[in-house]
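Participant: Let me give you the structure first, and then I'll get to my questions.
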Amino acid sequence: MPKLKAIVIGAGIAGIASAVRLAVKGYQVDVFEANAKPGGKLGEINMNGFRFDAGPSLFTMPQYVDELFKLAGKNPEDYFKYIKLKEICRYFYEDGLRLNATADLDQFAKDIAEKTHSTAAEARHYFKKSKTIYEVTHRVFLERSLHKLKSYLHWDTLKSIFRFGQIDAFRTQAKANQSFFKDERIAQLFNRYATYNGSDPYQAPATLNVIPHFEYHFGAYIPKDGMYGIVNALVKLAEELGIRFHYSQKVEEILHSKTGKTKIEGVKVNDKTYRADIVVSNLDIWFTYKNLLKDITEPKKLLTQERSSSALIFYWGMDSSYSDLGLHNIFFAKDYQKEFSAIWKDKTLSHDPTVYVNITSKHIRNDAPANAENWFVMINVPANNGQNWDQLINEARANIIKKINRILNRNIERDIVCEQTLDPRGIESKTGSYQGALYGNSSNNQFSAFLRHSNFSSKVKNLYFCGGSVHPGGGIPLALLSARIIDDDIRPVQ
Ligand code: FAD
């Protein structure tokens, strides 16, 4: 019997994970990727002896990566190693306050109590609430399809539905955090978690307070070879499973039968037809419909939801080392609400943005030359609506430098020895993400989870969708879960 064939469009993290799962199921898998390299948003930049992870920098839920090796009967450690972080993030405020968020919650709560007007009890109460939201939501909203009846017939799903009152969906995250913490700087610290899926804490439901549970309960990690090490390890596994990667091969059309029950037939690349029994699209659902499925009526409501925020990133090779800084560092805006209002209402940048600085060379020495550091400097920005980015980038660069100089009392600009920039236009052109949004749609309202596209097509049999723009959402862990949800729906080859 010839093997059943599967085609995956896009070698983003969810595309590679889907390919691995299909190969394990017994399919012959081909992956077509528009870029010359795999990874999509999870990219890598090498410049003048410095290495940078181009996109994601925070790694949580490594077990979702490990499970792919285990599924294939391999030992994850033979491919992929990572370290659990003791220190999660260093927070810097303009008034001089500095906090270290540690994996040891008691220590973090003590630090909060000693340095701010909030108490350790407030912090503990908050983490308890975060855990409750996780317990109620993870099976229903994250691990199963929201679009299959069978998901609702599980006893644990029904139990969760009865507890929905506990997920804090009817006030904003900022309102909730104001009630959890007396000190507004601590409320601000936890409001930041809305940005982990590209949302606005002043609009998004307090259900997003689930996010810290991933970081503080399950832990924050750093892959020993950097974030791009995840891609390298998974591609190695995939190739060992016989999966064929076709780089610089942009899929032009998804082919399906036009008569009878619409069934998948394959894809068209460079005018050539490749037949398949299953097709999984890993590209942004917007472009999947607009470019590859032009003859299928698009789900307008889902496609016209507000996009998540994007990012402006400066990759700076720094000819100095900064002992005040750790792996993850946040320099907070003085007026957080004003910053989000600029991004979400005015679709522009604040003059005082919150700045995130990630320095992997703190852990991975080879990422920068001796006594130097690789700075990934990022601010949240609106999705691309045709703003004057060149002007905004110049202004942002000056504001970021001024802010870090002020807080660290240093002159950082003279340490920058090489530089690259990535903005929403580049994110869209390099990774095929509509408007450069980092996480598909925003989660700025209670219904967002229900307004993400499902992981399968209701129009074309055996057409599936994975990745950050479809259910359950963006970020590496959820993108990996999208591949798992698809896997649950596909029968192994007999
Ligand atoms: P994508 O990465 O979106 O890849 C899609 C792939 O499809 C691309 O390789 C593209 O080239 C390819 N493609 C597009 N069109 C075609 C076509 N027609 N034919 C063939 N191939 C095509 N997540 C975290 O968990 N932690 C973080 O700290 C974090 N920070 C981030 C920071 C930045 C700057 C960015 C950009 C993202 C960040 N994210 C983070 C989000 C995370 O990177 C994404 O959610 C995740 O990588 C998305 O993966 P995906 O599977 O959806 O594929």
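Participant: If you take just the strands (runs of 3 or more DSSP E) that sit entirely in the range 242-339, which of them hold at least 3 residues that are of a type outside the set (S, T, N, Q) and away from the ligand (no atom under 11 Å from the Cβ)?
Facilitator: Qualifying strands (runs of 3 or more DSSP E): 264-269, 272-275, 310-318.
Participant: Looking at F162, F180, can you tell me which residue is loosely packed, with under 15 Cβ neighbours inside 10 Å and among the hydrophobic types (A, V, I, L, M, F, W, C)?
Facilitator: Values: F180 fails: loosely packed, with under 15 Cβ neighbours inside 10 Å.
Going through F162, F180 in turn, just one is loosely packed, with under 15 Cβ neighbours inside 10 Å and among the hydrophobic types (A, V, I, L, M, F, W, C): F162.
Participant: So the check is Cβ under 7 Å with 6+ separation or different chains; which pairs have a first residue in the range 472-484 that's more than 18 Å from L302 (Cβ to Cβ) and a second one that's among the hydroxyl-bearing types (S, T, Y) and not in a helix (DSSP H, G or I)?
Facilitator: Matching pairs, first to second residue: G475/Y439; P477/T60.
Participant: Can you give me the number of residues within the range 139-159 that are closer than 25 Å to I490 by Cβ and either without any contact (Cβ under 8 Å) to a residue 40 or more places away in the chain or not assigned by TED's automatic domain parsing to the domain that holds Q173 (or both)? It would help to see each step written out before you state the result.
Facilitator: As a first pass, look at the range 139-159 and keep what is closer than 25 Å to I490 by Cβ: 139-157.
Among the residues that remain, those that are also either without any contact (Cβ under 8 Å) to a residue 40 or more places away in the chain or not assigned by TED's automatic domain parsing to the domain that holds Q173 (or both) are: 139-140, 149-157.
Residues flagged as closer than 25 Å to I490 by Cβ and either without any contact (Cβ under 8 Å) to a residue 40 or more places away in the chain or not assigned by TED's automatic domain parsing to the domain that holds Q173 (or both) within the range 139-159 amount to 11.
Participant: Here's a follow-up. Select, from V267, V251, V280, V231, the only residue that is of a type in the set (V, I, T), over 24 Å from I427 (Cα atoms) and in contact with a strand residue (DSSP E or B) (Cβ under 6 Å, 6 or more places away or on another chain).
Facilitator: V267
Participant: Ok, one more. Output the residue which, of all residues in the range 409-468 that are among the basic types (K, R) and in a loop (DSSP other than H, G, I, E, B), is nearest to N48 (Cα to Cα).
Facilitator: Looking at residues that are among the basic types (K, R) and in a loop (DSSP other than H, G, I, E, B), I get R410.
Participant: Another one. Here are Y91, Y79: which of them is among the hydroxyl-bearing types (S, T, Y) and over 30 Å from P205 (Cβ atoms)?
Facilitator: Result: Y79 is the single residue among Y91, Y79 that is among the hydroxyl-bearing types (S, T, Y) and over 30 Å from P205 (Cβ atoms).
Participant: Only residues in the range 287-299 that are in contact (Cβ under 8 Å) with a residue 60 or more places away in the chain count as the first member; pair them with residues that are assigned to a helix (DSSP H, G or I), Cβ under 8 angstrom, at least 6 apart or cross-chain, and list the lot.
Facilitator: These pairs meet every condition: F287/Y434; I296/Y289; P299/Y289.
Participant: Also, I was wondering about something else. I need every pair where a residue in the range 376-394 that is touching a residue at least 12 places away in the same chain (Cβ under 8 Å) and under 18 Å from Y439 (Cβ atoms) has its Cβ under 9 Å from the Cβ of a residue that is among the basic types (K, R) and within 11 Å of the ligand (Cβ to nearest atom), sequence separation at least 6 or different chains.
Facilitator: Here the result reads none, with nothing in the range 376-394 linked to a residue that is among the basic types (K, R) and within 11 Å of the ligand (Cβ to nearest atom).
Participant: Which of (1) closer than 26 Å to G440 by Cα; (2) under 22 Å from the mean Cα position of the chain (by Cα) is the odd one out, the single condition S361 does not satisfy?
Facilitator: Only one criterion is unmet by S361, namely (1).
Participant: Can we say S179 is free of Cβ contacts under 8 Å to residues at least 40 places away in the same chain and under 26 Å from G467 (Cα atoms)?
Facilitator: The answer is no for S179.
Participant: Taking S118 as the residue in question, decide whether it is within 16 Å of the ligand (Cβ to nearest atom), surrounded by 20 or more Cβ atoms within 10 Å (Cβ to Cβ) and hydroxyl-bearing (S, T, Y).
Facilitator: Answer is no for this residue.
Participant: Any idea which residue in the range 310-366 is surrounded by the fewest Cβ atoms within 10 Å (Cβ to Cβ), counting only those that are of a type in the set (D, E) and over 23 Å from S199 (Cα atoms)?
Facilitator: Applying the filter and picking the extreme gives D324.
Participant: Here's a follow-up. Output the residue which, of all residues in the range 413-448 that are within 16 Å of the ligand (Cβ to nearest atom) and among the hydrophobic types (A, V, I, L, M, F, W, C), is farthest from I490 (Cα to Cα).
Facilitator: L422
The values are calculated or read from the model by the stated rules, or taken from the named source; none is laboratory data. Here the structure is a predicted model, which means the values were calculated and not measured. Heads up, the Cβs are rebuilt from the backbone with ideal geometry, glycines too, and the neighbour counts pull from every protein chain shown.
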